[in-house]
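Visitor: Okay, handing you the structure first.
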Amino acid sequence: MVGFLINIFIVLISFHHIKANDANYKAKIYEIVGHYLRNHEFSKKRMYENSPSYYPNSNKIGLGFNPLHGSPACYTGEYQMEGLGHPVFKLEYQCPLPFVCTNKRIPKFVSLDCLPSTVTSAKTEVISTLKQLYESISSKVEVSVGLSYKELLFSYTNSKETSYMVDNIVQNDMALLSTSAQVSVVKLSMCEPLMKLSDTFRFVIENLPCCDDTDDDWETEKYVRDYILDYYGYTFVSTLLLGGIVQHNIFMKTESYKQLESRNVSVQSAATVAFYVSLGVSVENLQSNAEQEEFKKEVRLSYGTKLGGDPLILDINEWAETVPSNPIITKFGIREIFDLLTIRRFPKDLQIQNKSKLIKKILQKYIQQPLYCYNNCTNSFQGTCESSGYFQFGTCKCNENWTGIDCSVNISSTKPKIVHEDVLSGTLCGYERSYIFVKCDGHQPSNGCPQGWIPQTWIGADFTVCYIANTSKSNSSIFGGLCGLYNSGGQQSVQILCNYTLDGACPNYSQSGYFSVHGSSSVNGVSQQTTKLCVKLISNYPDLPGTLCGIQWAQTIDGPACDGYNPGLSQCPPGYAVQLWVLETGGRFHLCAKQ
């Protein structure tokens with residue numbers, strides 16, 4: 001390894017004696033820097049990432065962050081911090097000062113503020129517009145005063161969380177009522193002037209080809225894009241708030257939300273009550289039972305998740321006690337990397353100020369991505385794409401005689417006739433595990449099921465579901481009907497496709513009436529178990545291939561049959577096929593899925 005570094009040093013010294021207009025110069029620099037990063041960055045990053053002696057997630061401070069790709073909020077229930085890059089700073093760990101709230105080691109020149117580990121009161125926010133979504137996401141990150149391009153943060157095409165919510169607001173015409181309670185454990189703040197830059201970040205900046213009349217070429221731009229903007233981002237994480245979040249999301253049609261508000265039904269209060277009920281907490285409801293029932297009827301989808309701590313613990317106060325041992329990032333602050341490109345940091349680099357200007361210039365091109373409009377508004381004859389002002393997302397302005405979110409629907413066209421089949425006894429509805437739940441027609445399975453439907457729970461499976469007692473002729477399943485199932489993580493595995501889509505994806509909502517739901521449990525911010533499924537939200541649409549019916553332990557009849565056929569014995573009715581679901585405990589379910 002030492003010999004490799006010496007060889008790189010010698011080659012780079014010799015390159016600096018080559019004229020900048022040498023056609024191979026920048027290509028060779030690009031190759032050597034890339035080789036250096038591949039051989040060193042990941043080993044450096046992993047040295048302290050999983051050490052049990054370090055405070056959990058403290059290694060995230062000083063990482064690069066790309067605000068275009070990232071989203072600090074979690075709406076899907078599948079917690080993964082998007083946008084984090086590689087280390088901009090070198091972390092050197094030390095023992096904490098006496099009398100602090102932890103005996104774990106923290107980075108040098110990083111202050112640790114201990115916070116009361118108590119659960120905050122639940123708060124509900126309504127998100128039905130792109131502006132509200134932007135404000136919700138932005139509230140999770142503290143942006144330095146001088147940060148540029150704030151209007152381009154959390155890009156639709158690059159952030160999974162952003163695209164998930166934008167699609168629900170625009171494509172599915174949904175409003176989200178997101179209720180959460182939070183536990184804050186510690187706040188970490190770096191003293192940036194005293195901290196050292198990482199070897200790799202310094203190496204990349206020092207060897208950036210600059211500054212002559214060839215700076216506008218593609219080789220230089222590719223270097224900046226690949227090794228700075230994509231590899232690190234154009235900001236770095238300067239503060240971290242660590243803790244845990246309990247979250248309950250309710251989706252309803254935006255029009256339904258407006259109508260409830262117009263009838264003086266406090267939707268936010270009703271959502272808060274639903275949050276506590278989902279956790280098994282008794283709460284005084286100031287609303288009448290009639291208003292609460294009116295609210296429930298409009299709910300199209302609801303699911304909850306715990307982020308941080310032990311998600312398998314149901315009691316919220318007991319869960320809060322586990323958060324200090326497994327905290328996640330609940331909020332963080334960022335600053336621009338340009339604050340670091342100074343003579344003080346790079347005293348031997350006479351071009352450091354010009355390099356800073358060059359990176360800013362290329363950043364301006366980097367962020368100017370084309371607007372995303374659904375299906376590009378079909379074509380210019382039918383519509384044009386106009387900026388929404390958020391997330392680099394556009395909305396289609398349709399020309400005369402055309403409508404729809406992508407201007408693909410001719411106003412004179414009519415919808416095809418919907419044909420229903422039988423809903424077989426044993427058809428499943430609702431889905432409840434400790435880290436995710438989906439209601440069946442407004443009912444949480446563990447608390448009961450709609451009339452004509454029966455709850456089923458298996459000991460040792462952490463799973464409850466509703467199933468229909470009797471076959472319903474020429475009909476379709478109700479809100480919360482299940483189609484497809486994708487589980488991964490640990491020993492668990494299942495992949496049942498909904499309408500032949502792959503990897504837990506769902507068919508287009510407007511055409512199918514099915515909505516995608518995600519949930520996961522995590523440790524140290526890393527997903528351990530992931531669940532994806534499609535949930536029916538438009539009941540008068542037909543049930544799709546992948547509709548689930550009957551579920552039993554393998555080689556038993558413990559659980560509901562499907563129209564009298566026992567999937568546990570590898571039996572399914574005509575038009576259905578047996579599917580295998582292996583749980584994280586090693587237990588095996590058999591289900592029937594519509595073909």
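Visitor: From the helices alone, meaning DSSP H stretches of at least four residues, give me the mean residue ellipticity at 222 nm for the chain, per-run term -39500 (n - 2.57), in deg cm²/dmol to the nearest 500.
Guide: It comes out at -6500 deg cm²/dmol, rounded to the nearest 500.
Visitor: Using only Cα atoms, tell me the angle between helix 289-298 and the longest principal axis of the chain; keep it within 0 to 90° and round to the nearest 10.
Guide: So the helix axis and the longest Cα principal axis differ by about 70 degrees.
Visitor: Between Arg344 and Gln511, 0.36 nm times their residue separation minus their Cα-Cα distance comes to what?
Guide: Separation in residues times 0.36 nm, less the Cα-Cα distance, equals 54.2 nm.
Visitor: How would Lys26, Lys360, Lys306 line up from fewest to most surrounding beta-carbon atoms within 10 angstrom?
Guide: The order, fewest Cβ neighbours first, is Lys360, Lys26, Lys306.
Visitor: A further question on this structure: Assuming R0 = 22 Å, what is the FRET efficiency of Ile459 and Val281, from their Cβ-Cβ distance, to the nearest 0.05?
Guide: 0.35
Visitor: How high is the relative contact order of the stretch 228-337, in percent, with contacts defined as C-alpha pairs under 8 Å that are six or more residues apart? Present the calculation step by step, with values, prior to reporting the outcome.
Guide: Numbers: 135 pairs, mean separation 54.8, N = 110.
The value is 50 percent.
Visitor: Starting from the Cα of Ser493, step 7 Å along the direction of its Cβ; do the same at His35; then give the gap between the two resulting points in nm.
Guide: Once both label points are built, they end up 3.8 nm from each other.
Visitor: Turning to a different aspect of this structure: Distance in nm between label sites at Lys222 and Glu255, each 7 Å beyond Cα in the beta-carbon direction?
Guide: Calculated label separation equals 5.2 nm.
Visitor: Relative contact order of the chain, please, whole-number percent, based on alpha carbon pairs below 8 angstrom and at least 6 residues apart.
Guide: 13 percent
Visitor: In what sequence do Ser117, Ser474, Ser387 fall when counting other Cβ within 10 Å, fewest first?
Guide: The order, fewest Cβ neighbours first, is Ser474, Ser387, Ser117.
Visitor: Can you give the angle from 0 to 90° between the axis of helix 25-46 and the longest principal axis of the chain, with both taken from C-alpha atoms, to the nearest 10?
Guide: With rounding to tens, the tilt is 60 degrees.
Visitor: Hey, fewest Cβ within 10 Å first, where do Trp581, Trp453 land in order?
Guide: Details: Trp581 21, Trp453 24.
By the 10 Å Cβ count, ascending, the order reads Trp581, Trp453.
Visitor: Right, next: Report, in degrees rounded to the nearest 10, the 0 to 90 angle that the Cα long axis of helix 267-278 makes with the longest principal axis of the chain.
Guide: Rounded to the nearest ten degrees, it is 80.
Visitor: Take the residue pairs Lys160/Lys360; Lys196/Lys365; Lys253/Lys439; Lys439/Lys532; Lys222/Lys355 and return only those whose Cα atoms are more than 19 Å apart.
Guide: Pairs exceeding the cut-off: Lys160/Lys360; Lys196/Lys365.
Visitor: Rounded to the nearest 0.05, what FRET efficiency do Ile411 and Lys123 have when you use their Cβ-Cβ distance and R0 = 45 Å?
Guide: Result of the calculation: an efficiency of 0.60.
Visitor: Cβ under 11 Å from Ile496's Cβ, Ile496 left aside: what net charge do those residues give with Lys, Arg +1 and Asp, Glu -1?
Guide: Surrounding charge for Ile496 is +2.
Bear in mind these aren't lab numbers, they're just calculated from the coordinates by the rules spelled out. Keep in mind it's a predicted model, so treat the numbers as computed, not measured. Backbone-built Cβ (ideal geometry, glycine too); neighbour counts: all protein chains shown.
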